[in-house]
Amino acid sequence: MGAEGSEQGCPPSPCLDSDPPGRCRPQKPILLQGHERSITQIKYNREGDLLFTVAKDPIVNVWYSVNGERLGTYTGHTGAVWCVDADWDTKHVLTGSADNSCRLWDCETGKQLALLKTNSAVRTCGFDFGGNIIMFSTDKQMGYQCFVSFFDLRDPSQIDSNEPYMKIPCNADAKITSAVWGPLGECIIAGHENGELNQYSAKSGEVMVNVKEHSRQINDIQTSRDMTMFVTASKDNTAKLFDSTTLEHQKTFRTERPVNSAALSPIYDHVVLGGGQEAMDVTTTSTRIGKFEARFFHLAFEEEFGRVKGHFGPINSVAFHPDGKRYLAREQRRLFSGPCSKEGDQSLLLRGPEVVSPRPAGPYG
């Protein structure tokens with residue numbers, strides 16, 4: 001893979017036999033430095049030993065999650081990278097970028113295996129359950145409509161000709177802002193900027209179910225470990241739980257600020273929410289008023305039972321580790337110097353089981 005960078009961090013402090021049950025010593029945070037601009041998505045592989053990060057720079061990084069060591073980079077994109085995903089056995093990595101391309105990589109060597117060109121930026125991407133079919137959605141921009149494209153990796157002719165076996169046109173008035181595969185790879189679940197949720201068949205392309213439970217844009221969709229449920233995060237200040245098959249609304253988690261991301265714990269009936277005041281208003285808002293906290297809700301009772309403070313800006317993405325004992329929270333911060341502003345160094349701070357956030361920017365970004 002690409003050139004190595006400077007990494008620093010301390011491995012988590014393990015629980016000792018002398019520690020009382022349930023009272024493990026606090027784990028030290030791990031600082032990961034590998035991006036120059038704000039991070040757009042973070043994702044664990046299935047086992048949780050690897051962490052993939054993408055940002056508004058062309059860099060795709062992969063890290064050891066246990067100690068923060070950077071294994072390398074996947075180089076090839078020329079624009080901001082919006083999405084990343086790894087298949088079931090972590091052999092392949094899929095990325096989508098604002099350079100109007102979706103790329104398939106060999107996870108171990110970093111070799112680019114396929115380049116799929118599009119007419120507009122790729123906003124979401126993902127592997128199906130078996131890892132043989134990929135899907136990605138494109139933005140509505142430059143006169144081009146939003147589409148969801150499906151490629152079968154077992155058919156080289158589709159890759160060579162850059163022609164998907166199915167291409168679904170989306171609502172002309174509302175592009176897709178988040179999308180995930182449904183149970184058993186039979187459908188995809190897509191959230192739109194007008195608050196709609198659609199379930200598209202991966203075989204016929206038809207809209208199987210359509211609901212609108214949100215009044216504003218859906219920022220994030222994440223499924224449960226068994227993929228029977230999923231949680232949405234929206235700008236309407238709520239996160240909602242749905243059934244993956246019927247899209248039936250189950251629970252609502254309410255906050256006072258827009259919710260940018262939400263994730264379901266793989267081992268507890270917990271959901272973590274990340275959000276806060278809009279980034280454009282952060283400079284005039286105190287951390288207390290801006291609600292820059294990771295907030296924990298009980299899945300069944302819809303009650304908030306805890307917060308993790310310490311963020312200085314809105315949290316843009318959260319993700320649980322597959323073991324359920326730690327999570328990531330990625331925020332965007334800006335350093336202002338005089339009348340001009342400059343984006344600070346974007347990095348991740350791993351802290352299990354507490355918070356993960358970028359470190360403060362230095363005077364030179």
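One line per residue, one yes/no per condition, for (1) at pLDDT 90 or above; (2) in a strand (DSSP E or B); (3) touching a helix residue (DSSP H, G or I) at 6+ places or on another chain (Cβ under 6 Å); (4) acidic (Asp, Glu):
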| residue | (1), (2), (3), (4) |
| --- | --- |
| Pro21 | no, no, no, no |
| Gln27 | no, no, no, no |
| Leu51 | yes, yes, no, no |
| Val62 | yes, yes, no, no |
| Asn67 | no, no, no, no |
| Thr73 | yes, yes, no, no |
| Asp89 | yes, no, no, yes |
| Gly96 | yes, yes, no, no |
| Arg103 | yes, yes, no, no |
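If you check every pair at least six apart or on different chains, which have Cβ atoms under 9 Å apart with a residue in segment 138-157 that is in the same structural domain as Gly205 (by TED's automatic domain parsing) and small (Gly, Ala, Ser) first and a residue that is assigned to a helix (DSSP H, G or I) and exposed (fewer than 15 other Cβ atoms within 10 Å of the Cβ) second?
none
Go through segment 173-192 and report how many residues are of a type outside the set (A, V, I, L, M) and over 14 Å from Phe147 (Cα atoms). Outline the logic, then answer.
Of the residues in segment 173-192, the ones of a type outside the set (A, V, I, L, M) are 173, 175, 177-178, 181-183, 185-187, 191-192.
Pick out the ones that are also over 14 Å from Phe147 (Cα atoms) and you get 181-183, 185-187.
Total satisfying the criteria: 6.
Just one of (1) more than 25 Å from His321 (Cα to Cα); (2) surrounded by 17 or more Cβ atoms within 10 Å (Cβ to Cβ); (3) at pLDDT below 95 trips up Gln199, so point out which.
Here Gln199 clears every test but (3).
Identify the residue in segment 176-196 that is closer than 23 Å to Lys43 by Cα and of a type in the set (D, E, K, R) and, among all such residues, is surrounded by the most Cβ atoms within 10 Å (Cβ to Cβ). Before you say what the answer is, go through the steps one by one.
Step one: of segment 176-196, the residues closer than 23 Å to Lys43 by Cα are 176-193.
Then drop every residue that is not of a type in the set (D, E, K, R), which leaves 186, 193.
Numbers: Glu186: 15, Glu193: 19.
Selected residue: Glu193.
Against the conditions (1) modelled with pLDDT under 90; (2) surrounded by fewer than 19 Cβ atoms within 10 Å (Cβ to Cβ), where does Ile39 fall short? Just the number, please.
(2)
Quick one: would you say Leu184 is within 21 Å of the chain's Cα centre (by Cα) and outside any strand (DSSP E or B)? Break it down into steps so the answer makes sense when it comes.
Working: within 21 Å of the chain's Cα centre (by Cα): yes; outside any strand (DSSP E or B): yes.
The answer is yes for Leu184.
Inside segment 236-260, can you point out the residues that are hydroxyl-bearing (Ser, Thr, Tyr) and either part of a strand (DSSP E or B) or within 22 Å of Gly182 (Cβ to Cβ) (or both)?
Quick first cut of segment 236-260, residues hydroxyl-bearing (Ser, Thr, Tyr) only: 238, 244-246, 252, 255.
Those that are hydroxyl-bearing (Ser, Thr, Tyr) and either part of a strand (DSSP E or B) or within 22 Å of Gly182 (Cβ to Cβ) (or both): Thr238, Ser244, Thr245, Thr246, Thr252.
Going by what's in this entry, would Val180 be described as closer than 17 Å to Ala86 by Cβ and in contact with a Gly (Cβ under 9 Å, 6 or more places away or on another chain)?
Yes.
Looking at (1) within 22 Å of the chain's Cα centre (by Cα); (2) part of a loop (DSSP other than H, G, I, E, B), find the lone condition where Pro164 falls short.
Result: Pro164 passes all but (1).
The values are calculated or read from the model by the stated rules, or taken from the named source; none is laboratory data. Note that the structure is predicted; figures quoted are calculated from it, not measured. Please note: Cβ atoms are built from the backbone with ideal geometry, for glycine as well, and neighbour counts cover all protein chains shown.
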